[in-house]
Amino acid sequence: MKRIEVKLSLPVVAPLLDVIRELADGLGRKLAAPQEFGDLDPEFRDAWHGDLLADQKADVGQLLALFDDEFFTEGIVAFDEDNAEPIVRACAAVRLRLREVFLRGLGDDTLEGGDVELGDLSEPVRKAFTCYLFLATVQELIIQHLDSSIIDS
Amino acid sequence: MIRAGPKTSPASETLAHTELELSGRWRVVVLNDPVNLMSYVMLVFKKIFGFNETTARRHMLQVHEQGRSVVWTGLREKAEAYVFTLQQWHLTAVLESDETH
């Protein structure tokens, strides 16, 4: 099984986990990306929405599970063929929620370009934006090393 | 199950319309968002639709530059399944009737 281990800086990443955990609660109740359900039958729409929410919650659980005892002792997280897919999706969900909750003020063009002066941001927004970038890096790492595992699974 | 009613009733017209909608062709459309990475969107397209690198990139760039891309067209049931899967991956996806057919 293909597996990659990444050594992270504990002092940098540990504080970001508070942000992710805070948002994880909300992601158990609300979809990260607002979706239109069009003309679906209400009962079918509710089931559809419920299934999306359950999947989202499970994915975010997998992301949080990365930061276990090994992470807090060694600073190491591991990605493999089993967790790559849910984690890359969970990162997308948390990033969407970060934008919704903390980063609206930056504007979409700035967010898309990533050209932000961290020193100009308030503490909560700076922390949220750092978390946003961290999760993008996790996604890039997984896509770079495990994309074939995800596509073929 | 759809029940047949009198030919002239509004209910039967609605049912006929619904049958047509269900049997017609539908588009799966992905809309732009400022959050998801280009590489992530390409990965999702390759995974869900089996696109090769070139096709995935073309659709991703359409989404990015034009705000939307029609990624699949066909029968409603399958289109719904694709929209659901795209939404599982947190892309903004909608179902549209393909009025060109």
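Kindly list the number of the only condition in (1) touching a Gly at 6+ places or on another chain (Cβ under 7 Å); (2) crowded, with 16+ Cβ neighbours inside 10 Å that fails for residue A:17.
In the conditions (1) touching a Gly at 6+ places or on another chain (Cβ under 7 Å); (2) crowded, with 16+ Cβ neighbours inside 10 Å, residue A:17 misses (1) alone.
Quick check on my filter: what residues within the range A:131-153 are open to solvent by 10 Å² or more (accessible area, probe 1.4 Å), among the polar types (S, T, N, Q), within 20 Å of residue B:45 (Cβ to Cβ) and in a helix (DSSP H, G or I)?
If the condition is that a residue be open to solvent by 10 Å² or more (accessible area, probe 1.4 Å), among the polar types (S, T, N, Q), within 20 Å of residue B:45 (Cβ to Cβ) and in a helix (DSSP H, G or I), then A:144, A:148, A:149 are the ones that fit.
So, restricting to helices (runs of 4 or more DSSP H) that lie completely within chain B, which ones have at least 2 residues that are modelled with pLDDT of 95 or more and open to solvent by 40 Å² or more (accessible area, probe 1.4 Å)?
B:38-49, B:53-66, B:76-88
At the interface with chain B (Cβ under 9 Å from one of its Cβ atoms), out of contact with any Asp or Glu (no Cβ under 8 Å at 6 or more places or on another chain) and modelled with pLDDT under 95, is that true of residue A:36? Step through it out loud before you land on a result.
On the way: at the interface with chain B (Cβ under 9 Å from one of its Cβ atoms): yes; out of contact with any Asp or Glu (no Cβ under 8 Å at 6 or more places or on another chain): yes; modelled with pLDDT under 95: yes.
Yes, satisfied.
Tell me whether the range A:118-125 contains one or more residues that are in a helix (DSSP H, G or I), within 26 Å of residue B:46 (Cα to Cα) and away from chain B (no Cβ under 12 Å). Walk me through it before giving the result.
Going through the range A:118-125, the residues in a helix (DSSP H, G or I) turn out to be A:118-120, A:123-125.
Imposing the further condition that a residue be within 26 Å of residue B:46 (Cα to Cα) reduces the set to none.
Checked against the condition, which is being in a helix (DSSP H, G or I), within 26 Å of residue B:46 (Cα to Cα) and away from chain B (no Cβ under 12 Å), the range A:118-125 yields no hits at all.
Restricting attention to the range A:82-95, report how many residues are within 8 Å of chain B (Cβ to nearest Cβ) and either at pLDDT below 95 or open to solvent by 10 Å² or more (accessible area, probe 1.4 Å) (or both). Before the answer, list the steps.
So the first thing to find is which residues in the range A:82-95 are within 8 Å of chain B (Cβ to nearest Cβ), and the list is A:88-89, A:92-93, A:95.
Still in the running and either at pLDDT below 95 or open to solvent by 10 Å² or more (accessible area, probe 1.4 Å) (or both): A:89.
So the answer is 1.
I need every pair where a residue in the range A:114-143 that is free of Cβ contacts under 8 Å to residues at least 60 places away in the same chain has its Cβ under 8 Å from the Cβ of a residue that is small (Gly, Ala, Ser), sequence separation at least 6 or different chains.
Listed by first residue and then by second, the contacts come to A:125/A:105; A:133/A:114; A:139/A:92; A:139/B:39; A:140/B:39; A:143/B:39.
Of everything in the range A:39-81, what is surrounded by 13 or more Cβ atoms within 10 Å (Cβ to Cβ), more than 13 Å from the chain's Cα centre (by Cα), assigned to a loop (DSSP other than H, G, I, E, B) and without any contact (Cβ under 8 Å) to a residue 24 or more places away in the chain? Give them in sequence order.
Within the range A:39-81, A:40 is the sole residue that qualifies.
Look through the range A:96-126, keep the residues that are basic (Lys, Arg) and surrounded by fewer than 17 Cβ atoms within 10 Å (Cβ to Cβ), and return whichever of them is nearest to residue A:11 (Cα to Cα).
Start the filter on the range A:96-126 by keeping residues that are basic (Lys, Arg), which leaves A:97, A:99, A:104, A:126.
Keeping just the survivors that are surrounded by fewer than 17 Cβ atoms within 10 Å (Cβ to Cβ) gives A:104, A:126.
Values: A:104: 27, A:126: 15 Å.
The residue in question is A:126.
For the range B:83-99, name all the residues that are away from every other protein chain (no Cβ under 13 Å) and either at positive phi or out of contact with any Lys or Arg (no Cβ under 8 Å at 6 or more places or on another chain) (or both).
Just the residues of the range B:83-99 that are away from every other protein chain (no Cβ under 13 Å), to begin with: B:98-99.
Passing the criteria: only B:99.
Within the range A:20-38, track down each residue that is closer than 21 Å to residue B:92 by Cβ and open to solvent by 70 Å² or more (accessible area, probe 1.4 Å). Please lay out each step first, then the result.
In the first step, residues of the range A:20-38 are kept if they are closer than 21 Å to residue B:92 by Cβ; the result is A:23, A:26-38.
Residues satisfying the conditions are A:29, A:30, A:34, A:36.
The values are calculated or read from the model by the stated rules, or taken from the named source; none is laboratory data. Here the structure is a predicted model, which means the values were calculated and not measured. With ideal geometry, Cβ positions are generated from the backbone for all residues, glycine too; neighbour counts draw on all protein chains shown. For accessibility, only protein heavy atoms count, side chains too; no ligands or nucleic acids. Shrake-Rupley method; radii C 1.70, N 1.55, O 1.52, S 1.80 Å.
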